[in-house]
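Below you'll find the structure, written out as structure tokens, and then a few comments.
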Amino acid sequence: MIESKFSRHKWFLVGLLSVFLAAPNSTFTKFGTDSINPILYVGLRFLVIGIVTLPFVIKAKDKLTRSNFKHTLISAMGMAVAVMSYVGAIRLSQASYVSIITLITPIFFIIFSNKITGEKISRRALYGITLAMIGAMIVVLLPVAIRQSGDFVFYPLATILALINTISFPITIIYYRRANDEGVPIMALMNISSWVVTFISVVMLFVMTIFFNASFETPAKPAIIAVFYSAIAVALLSRAMGIKSYEYIGAVRTSALAYLETFLAILIPVVVLRESLSTEMIIGGIVILLGVFIVEHHKSIHHKHHFIFRNH
């Protein structure tokens, strides 16, 4: 078995690698959506994934059963809802506003993983994830609180969409894992999800063109580069590694890594775009790393989780 070849710590490193691949995504997405419509960007991104992973779903067609196809369809629809709600929330508000709300995503992930898969969570693990969450809040919320000018702006519809994202994305990842546990290869899962998202993107673009007379720019070179990075490195490789590592390291460690990704996503523009490194970023980053350390080094019964999950 794979589990006999890779220890829990090695699978944690796989999850960590997925974080480093995904962290630059927001920076690339910023470059990409500066020149093209965000929905067109999403459609192109998942179209690339669909084309690249097409051989995998053809090869795996005989492995689809009534049971695992149900889980596959749930994960595909969940991904479509998560992606579209996220794009809509940013369009209707600000990226920082959406980032604040989505800080609760890992908490939903832990709760849903416990309810759906029966994964048990230790008290020390919860302490670690709480510390990581506090660190992420320091990085994101403290600058807003300090530098906020005027009254706080509330975006009702954007808030609803962001909350939908925080619920739908964890469900997507959990059902990716369930379908994979029941024999559907991860790349085949990615393919099915990508075509669902691409189809919905095309429908939305068609509606915008027919009913709102919207026009769409030809993607510039930065947008094309961003599309391919976001598709291959993030939505395909990073997501596949993240799902597989989650199967072995559990929801709490996966959630702690998600907060680390939040910190890195904010830190990368400091290096790439030469933005300033604030005190709250340093403090928050240290707290996140401490939380991740506590989560990874607590004594866990996770080696039993894989079998608990398989029996569901």
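Assorted remarks:
- Of all residues making up segment 174-187, the number that are more than 12 Å from Leu73 (Cα to Cα) and either in contact with a strand residue (DSSP E or B) (Cβ under 7 Å, 6 or more places away or on another chain) or assigned to a helix (DSSP H, G or I) (or both): 6
- Residue in segment 177-184 that is over 19 Å from Thr53 (Cα atoms) and either over 24 Å from the mean Cα position of the chain (by Cα) or buried (at least 19 other Cβ atoms within 10 Å of the Cβ) (or both) present: yes
- Considering (1) assigned to a loop (DSSP other than H, G, I, E, B); (2) modelled with pLDDT of 80 or more, the lone condition that Gly150 does not fulfil carries the number (2).
- Tabulated pairs, segment 224-252, first under 24 Å from Ser35 (Cβ atoms) and of a type in the set (A, V, I, L, M), second modelled with pLDDT of 90 or more and not in a helix (DSSP H, G or I), C-beta under 9 angstrom, 6+ apart or interchain: Leu236/Thr53
- Which listed residue is buried (at least 19 other Cβ atoms within 10 Å of the Cβ) and within 16 Å of Ile186 (Cβ to Cβ), from Gly88, Gly50, Gly32: Gly50
The values are calculated or read from the model by the stated rules, or taken from the named source; none is laboratory data. The structure displayed is predicted, hence computed values, not measured ones. When we count neighbours, we look across all protein chains shown, and the Cβ atoms used for this are built from the backbone with ideal geometry, even at glycine.
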